[in-house]
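Shown next, in structure tokens, is the structure this report addresses.
The values are calculated or read from the model by the stated rules, or taken from the named source; none is laboratory data. Quantities reported herein were computed from a predicted structural model and do not represent experimental measurements. With ideal geometry, Cβ positions are generated from the backbone for all residues, glycine too; neighbour counts draw on all protein chains shown. Remember, those area values only see protein heavy atoms, side chains included, never the ligands or the DNA or RNA. Shrake-Rupley method; radii C 1.70, N 1.55, O 1.52, S 1.80 Å.
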Amino acid sequence: MATFSISSRTTPHHRLHRFAVFLIDSWEARIGGVILLVFVIMTVFGSVLAPYSPIEIAVGLPNEGMSTAHWLGTDVLGRDTFSRILCGARSIIIVPLVATMLAFVLGGIFGIASGYLGGRFDAVGSRLLEILLALPPLLVVLVVIASFGTSSTVIIISVMLVYSPRVARVLRGAALGVATKEYIQAAQARGERRLPILLRELLPNISSVVLVEFAVRLTYAIIFVATLNFLGLGVQPPSPNWGAMLFESRVTIITNPIATIAPTIAISTLAVAIGLLADAASRRFGLDDTSEIVR
Amino acid sequence: MAGIIKFGGSRLAFAVITLMAISVVTFLATNVVPADPARVALGKFATPAQIEAYNEQQGLEEPAVKRYVIWVGDAIRGDWGTSVLSKQQVTDMVGPRIGRSLILALAAMLLAIPIAFLLGVYTAQRIGRPSDLAISTVTLVVNSLPEFVVGIALIFVFAVQFGILPIESSGASMGSGISQIKAYLLPMFTLTIVLVPYITRMVRASVRDISSQPFVRSAALRGVPHRGLVWRHVVPNASLPVVNVIALTMAELIAGVVIIETVFSFPGIGQLLVSSVGSKDIPVVQIITLVIGLGFVVFNLLADLAVLALNPRLRSR
């Protein structure tokens, strides 16, 4: 006997299960996941595990090579590179994470409303999005930093502003895709209010798009913020941050290569891990690589 | 013909709107929002009288819209003002750098597009085989890397280990011809490596999609040889979405130029932009933003023209 499912929603259990399958299924997701796990451990326990204080100068001689006392040597000011790498994990993730989440709140509300409501609101909104999307992100952020100076708040807000229209566009498309589905019409016919329909019918059904977009967006945000730090426009010294460490150690690239190599490898590993995860996820959830990826 | 005019007209209008949006954002961020430009210029200890005099002299008491129009007018006429920091004419600072940045960007693009096409077409015909997996994995990994990491890696290999290319590129504006060319090479390769994976992935996906179309199958059944099939039937049709994607990589290219110029101390407008942002030299930042914005819009229009040339349907409609 055939069984018919009348539930249109995926239950939380289902989604968790799908996610678990995704992690085990593809080798990219497995490698990315393991690296990310190491990274999360560093974020949480980094400062506990670090043998020295990350900002204390002259814990060793300046520009020492690798040794048992200083696994990755020391930098120009005699700070322990290994400790700075361990502690730097936290600073590289927090700012992009907050910025991405805020971009999802702002862009998500706008995009979903635009896609669900349609009509004139959507027509005007889409035109506006098109113009905002045409602005080169780095240019906008640099102009904002030039006039407001640099701080975590300025970077979070400017990255949020640049990413919101990108999030809005993707979520608008997703909302538009399900807005005319039967279960939404049924809810409308039942006389449910707009907000409950959006939260209980629409949102759960675009959750995979939201998840993938969040992963992809976070990847770009991490690289973007690390780049700002590398340009000397982000975290100010002495805070340990991989991008800022590169900015500082670049001048000693010949005499003390390990001080540059260590943060380079740290950033690359993280970027590749998230890149692998995002790629596996976007293929798994059917967002194929021809869909325009707008950074 | 009417199709060309309609398509071209709408793209031109969008280009003008984009450029206006860039100028408005730049103006807003640097003029209206920060409370007091006079404080920045005169320092903490300026007296109220001095500030008032400064505001009057700079025309800051005018309404914002009027100031915006004056500012844009000056920029268009080539009156770019003076740097707050060095008191130099912005024209003299920015002018010579534009050409160098343009050469860098164009050279990298000219290098990246053919490489990406070859890799993309090659892998699209071998989907799922080891060679495709290897190339796709490498492009995915490189695609995830930030620009400055690629730059530093190349510095390590070619400047520190082998010592065949200069460690930084400030020599691009002086010295003998050979040393000037050498100064371009590492930034150019870095930019190419950053661009190739992205375009390769698009070409691969596009060629894969076109290959499964009925007209390709019927051409194959007609007995068109494999090579002719790929290069005469598949690639021209697959190029269309790719040109759109290349237009989308423009923002990427701009970011790449700005970051990579900074990595190598290359004397272009990107490096000047970053250092001016750091020193809050607002007039320089404004002008460079407009110049880059203009370049961005022009490149996008060129991509649209390429789409027009590649897609006869747009011409006849």
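Below, the figures for the structure above:
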read-out: Nearest 10 degrees, 0 to 90: helix B:64-77 Cα axis against chain B principal axis; value: 70 degrees
read-out: q = 0.05, 0.07, 0.08 Å⁻¹, the protein assembly as shown: log10 I(q)/I(0) [Debye, one scatterer per Cα]; value: -0.25, -0.49, -0.65
read-out: Most to least accessible of A:Ser158, A:Ser126 (protein chains only, probe 1.4 Å); value: A:Ser126, A:Ser158
read-out: Within a Gaussian network of chain A (alpha carbon springs, distance under 10 Å), most fluctuating of A:Val216, A:Val124, A:Val178; value: A:Val124
read-out: Solvent-accessible area of B:Ile135 with every protein chain in place, 1.4 Å probe, in Å² to the nearest 10; value: 40 Å²
read-out: Within 10 Å of each Cβ in B:148-159, the average number of Cβ atoms from other chains; value: 5
read-out: Kirkwood Rh, angstrom, chain B [1 / mean 1/r, Cα pairs]; value: 22.6 Å
read-out: Amide H within-cut-off set for B:Thr82, under 5 Å, with H built and near neighbours excluded; value: B:Val90
read-out: Calculated from backbone phi, Karplus (6.51, -1.76, 1.60) coupling profile of segment A:223-236 in Hz, x at Gly/Pro; value: 5, 4, 5, 4, 5, 4, 4, 5, 6, x, 10, x, 4, 8
read-out: Rounded Å value of the spacing that divides the Cα centres of segment A:121-153 and segment A:208-245; value: 17 Å
read-out: Probe 1.4 Å, protein heavy atoms only - accessible area per residue of chain B in square angstrom; value: 48 Å²
read-out: Projected area averaged over orientations for segment B:107-280, convex hull of C-alpha atoms, nm²; value: 12.2 nm²
read-out: Qualifying aspartates and glutamates (Cα of each under 14 Å from Cα of B:Lys6; at least 8 residues distant if same chain); value: B:Asp304
read-out: Rounded Å value of the spacing that divides the Cα centres of segment B:121-152 and segment B:285-311; value: 28 Å
read-out: B:Val285, B:Val84, reordered so the largest accessible area comes first (probe 1.4 Å); value: B:Val84, B:Val285
read-out: Accessible area in the full protein assembly, largest first, 1.4 Å probe, for B:Lys66, B:Lys87; value: B:Lys87, B:Lys66
read-out: Angle in degrees between helix B:235-263 and the longest Cα principal axis of chain B, rounded to the nearest 10; value: 40 degrees
